[in-house]
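A short write-up of the structure that comes next.
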Amino acid sequence: MTVWFTVELEDRPGSLARVASALAARGVNITGIVGVAEDTDGALMLTTSDAVASRAVFGDLGVAYEEHDPETGVAPETLSVADVRRGR
């Protein structure tokens, strides 16, 4: 099953690169990605080649994340940062 992860990004240069580099260092491929930004808030929704390793990477980085089951019918491209914070 594919798992969508929502990761909150800090409002600073390199936040996305930090997450992507850490995933790559563990051999994890980003297989799908959607970014949402409003003002200075940002969230990244992504799928990866290895959900277990992705969870470990997010934990090691201290990055807040949530998991979403694609079967719930919520399309990632329709989400806003507010939706992500509400746990939609």
Review point. Across the stretch 12-21, in residue order, what do the Karplus-derived ³J(HN,Hα) couplings come to in whole Hz, using 6.51 cos²θ - 1.76 cosθ + 1.60 with θ = phi - 60° and x for Gly and Pro?
Key: 7, x, x, 4, 5, 4, 4, 5, 4, 5
**Study point:** Accessible solvent surface per residue of the stretch 9-49, calculated while the other protein chains remain in place, 1.4 angstrom probe, Å²
**Key:** 57
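The values are calculated or read from the model by the stated rules, or taken from the named source; none is laboratory data. Just so it is clear, the model here is predicted, and its values are computed rather than measured. In case anyone asks, the SASA skips ligands and DNA or RNA and just uses the protein heavy atoms, side chains included. Shrake-Rupley method; radii C 1.70, N 1.55, O 1.52, S 1.80 Å.
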